[in-house]
Ligand SMILES: [Zn+2]
């Protein structure tokens, strides 16, 4: 009784002012305890989360300038795409049926070589709009050209990003047949990486982080790999590269070095906790141990692995990497490598492909798939102190799924429905650093029609330069040409 009397005498808790309150629906925090609220709320002031809890509690304690009723929604940390190129090729125009290395040499590199500053801005606007539509708030760009122009376009998008310049020295085992585009010695390549760090740091935007980006895929020398790994560690950045992307790459490195690609990185001292290797579709168990011991991180791109027949279900080690505690991000890769930027589809594949491969229904869980798209991705990108979960003090990057249609209903288990049923088109609203960039499926910062028209105009010009048919259909198109 005494306690009740005390409570009656105490004044009501003062309401604290916040800018935005997301209140009412499911909240999957992905915090350290992996707390889930059936009727949860997220309070945001400025760019930060100030509180996460029950809706009844937070609506009593906070007075919000704006409240979004999230009843009927599922609220998650903003999704993180660990691998999305802005250096694009025209989507759909890459001929099917070629290997990774054939695609790179015959189509991808020549297309890259023809891009102007205007093209890069058009592609940045389009790619970021696409990612935001599917609930992505942060992405890693694995090396672009015209970096200053890209930075300007990134700011307009409102997305969070890690980015660096496209770099190689064409000195690796697959470097001999590279095109005559961005010819650099090893010393010049290292200088380009250093300048990339300086350019991004001088730009000094809170949503944009730097990266030490080399291509890999057998096109870079040992000297460049080691220098890039050391530079990333010394500069507290992230060394981003493509590695062990196909059995062809493995064969080339075995012939040249007597070692597999990841094993070779380990032996030359190019793996450390600031190294983020993408694809890694071919591993042996001892290489999993090398990655875990070094502290390196991995990016998985399941839809690319399938489209380009990389053998990820046969030579990938996804359950083993997870068991070893290696941070793994999910990515959707380049325009023609998987042709979409929907992390829901990536989660679905990341959860299910290893189960079939191992005939083990628990090889990768739905929860692990969500972790890879949120806190795991943040850790892989060395950004988990700021993003990846809904927690007090973290950046207010939040994705709100409308759970009203067949992909989400009946709604008993939001984790199952998200991973096995939903697509990114059920994303309703996206908040990045406290700013609403997508509201009820509509972009708030860009004119989508204009963005699409600019990207398609760049596509047509690039394809004309390359002499490539934009619609390489094996079926006859019976009416007139594209306008
Ligand atoms: Zn890539």
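Which peptide among 244-256, 375-387 comes first, and what is the full order, when sorted by highest mean count of other Cβ atoms within 10 Å?
On the way: 244-256: 19.5, 375-387: 23.1.
Top of the packing list down: 375-387, 244-256.
Could you give the length gained on full extension between residue 99 and residue 65, defined as 0.36 nm per residue of separation minus the Cα-Cα distance, in nm? The partial results should precede the final answer.
Numbers: separation 34, 0.36 × 34 = 12.24 nm, distance 5.37 nm.
Length gained between residue 99 and residue 65: 6.9 nm.
Can you give me the C-alpha center-to-center distance between the stretch 354-415 and the stretch 239-273, rounded to a whole angstrom?
Centre-to-centre (Cα) distance: 30 Å.
Sorted by average packing, counted as other Cβ atoms within 10 angstrom per residue and highest first, what order do 335-341, 157-163 take? Don't skip to the end; give the middle numbers.
On the way: 335-341: 22.1, 157-163: 24.9.
Output ranking for 335-341, 157-163: 157-163, 335-341.
Note down the relative contact order for the stretch 113-248 as a percent, whole number, built from C-alpha pairs under 8 angstrom at least six residues apart. List each step's numbers first, then the result.
Values: 226 pairs, mean separation 32.4, N = 136.
Computed over the stretch 113-248, the figure is 24 percent.
Only Cα pairs under 8 Å and at least 6 apart count here; give the relative contact order of the chain as a rounded whole percent. Before the final figure, lay out each step's value.
Values: 1064 pairs, mean separation 94.0, N = 483.
About 19 percent, as a whole number.
R0 = 30 Å: FRET efficiency of residue 114 with residue 286, Cβ-based, nearest 0.05?
Details: r = 42 Å, r/R0 = 1.40.
Result of the calculation: an efficiency of 0.10.
Distance between the C-alpha centers of the stretch 189-217 and the stretch 30-96? Whole Å please.
Going from one Cα centre to the other spans 28 Å.
Which whole-number percentage describes the relative contact order of the stretch 350-483, with Cα contacts under 8 Å and a sequence gap of 6 or more?
14
Give the shape of the stretch 186-255 as rounded, prolate or oblate, defined through the alpha-carbon gyration tensor: a ≥ b ≥ c are the square roots of its eigenvalues, a/c under 1.5 means rounded, and otherwise the shape is prolate if a/b is larger than b/c and oblate if not.
Numbers: a/c = 2.91, a/b = 2.06, b/c = 1.41.
Prolate.
Hey, what's the Cα Rg ratio for the stretch 19-111 versus the globular rule of thumb, 2.2 N^0.38 Å? All intermediate terms of the calculation are to be shown ahead of the outcome.
Values: Rg = 21.4 Å, N = 93, 2.2 N^0.38 = 12.3 Å.
So the Cα radius of gyration is 1.74 times the expected 2.2 N^0.38 Å.
Can you compute the modelled spin-label distance between residue 201 and residue 234, with each label point 7 Å from Cα toward Cβ, in nm?
The answer from the label model is 1.1 nm.
With N denoting the number of residues in the stretch 139-202, provide Rg(C-alpha) divided by 2.2 N^0.38 Å, to two decimal places. Each step should come with its number before you reach the end.
Numbers: Rg = 13.3 Å, N = 64, 2.2 N^0.38 = 10.7 Å.
Against the empirical 2.2 N^0.38 Å value, I get 1.24 for the stretch 139-202.
Place the peptides 439-452, 173-186 in order of packing, highest mean first, counting for every residue the other Cβ atoms within 10 Å and averaging per peptide.
173-186, 439-452
Kindly state, as a whole number, the per residue volume in cubic angstrom of the convex hull around the alpha carbon atoms of the stretch 110-156. Mind dumping the intermediate values first?
Numbers: hull volume 3.7 nm³, N = 47.
Given the Cα convex hull of the stretch 110-156, per-residue volume reads 78 Å³.
Compute the convex hull volume of the Cα atoms of the chain, divide it by the residue count, and report the result per residue in Å³ as a whole number.
Values: hull volume 79.6 nm³, N = 483.
Output value, Cα hull per residue: 165 Å³.
No value in this document is a laboratory result; all are computed from the given coordinates. On a predicted model such as this, the values are computed, not experimentally measured, just so you know. Glycine also receives a Cβ, built like all others from the backbone with ideal geometry; neighbour counts cover every protein chain displayed.
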